[in-house]
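Notes for the one structure printed next.
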Amino acid sequence: MTIRDTINRWISQKEREREEGLALEVMDFLGIANLENKYLSGQPYGIQKLVEIARALICQPKMILMDEPAAGMNDQETLEIGNIISEIRDVLGITVLVVEHDMNLVMSISDQICVLDSGKILAQGKPDEVKNHPDVIKVFLGDEADA
């Protein structure tokens, strides 16, 4: 199945004619329009992730939940996925809820953060507030007494 077929699969048959251009718009937005006729299998992991995001965007949601969007990615790919998440929020106006362990990514893309530890809220607020919260520092960096 090509990348375009994979994305179009999420458009209902009834809407297909009206929305056919949407797939190309979404692929263009994500920088993968040049790959529309390539087969998805065998594509690099980062491209496969972008196709997953395209499948979500094709539905024109008000909110997207991303679970570990940077998992398995190198530093450059993580930076790129962070930029895409920010563009989805800023350009498309879609709320993006991200569950992620990469705190650098979380800090760079978030306007609000909620840090959990064993199912309990440790801290909640703007990135600077959370980053400097004593409980977050203790859990993520360890107690100074441990050093």
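Considering amide H positions built from the backbone, and no H for Pro or chain starts, which residues 5 or more places from residue 96, or on another chain, come under 5 Å of its amide H?
64
Using the Cβ atoms and a cut-off under 12 Å, what net charge is assigned to the surroundings of residue 37, where Lys and Arg are +1 and Asp and Glu are -1?
Around residue 37, the surrounding residues sum to 0.
How about residue 138: which lysines have a C-alpha closer than 27 Å to its C-alpha, ignoring those fewer than 8 places off in the same chain?
By straight Cα distance, residue 138 reaches 120, 126.
What is the sum of charges, Lys and Arg at +1 and Asp and Glu at -1, for the other residues whose Cβ falls under 12 Å from the Cβ of residue 48?
+1
Residue separation times 0.36 nm, minus the C-alpha to C-alpha distance between residue 5 and residue 79: what's the value? Show your work: numbers first, answer last.
On the way: separation 74, 0.36 × 74 = 26.64 nm, distance 2.74 nm.
Using 0.36 nm per residue and subtracting the Cα-Cα distance, I get 23.9 nm.
With +1 on each Lys and Arg Cβ and -1 on each Asp and Glu Cβ, how big is the dipole of segment 29-147 about its Cα centre, in debye rounded to the nearest 20? Kindly include the intermediate steps, with their values, before the conclusion.
Working: 9 positive and 19 negative charges, 110 e Å.
My answer is approximately 520 debye.
For residue 25 and residue 108, FRET efficiency with R0 = 22 Å and r from the beta-carbon atoms, rounded to 0.05?
Efficiency computed from Cβ-Cβ geometry: 0.25.
Please list, or write none, the lysines whose alpha carbon is within less than 23 Å of the alpha carbon of residue 38, excluding same-chain residues fewer than 8 places away.
In chain and number order, the partners are 49.
Nearest 0.05, what FRET efficiency do residue 132 and residue 37 give at R0 = 41 Å with Cβ-Cβ as r?
Efficiency for this residue pair is about 0.25.
FYI, it's all coordinate maths here, none of it is from the lab. Keep in mind that this is a model prediction, so the values were computed, not measured. All Cβ positions, glycine included, derive from the backbone under ideal geometry; neighbour counts span all protein chains shown.
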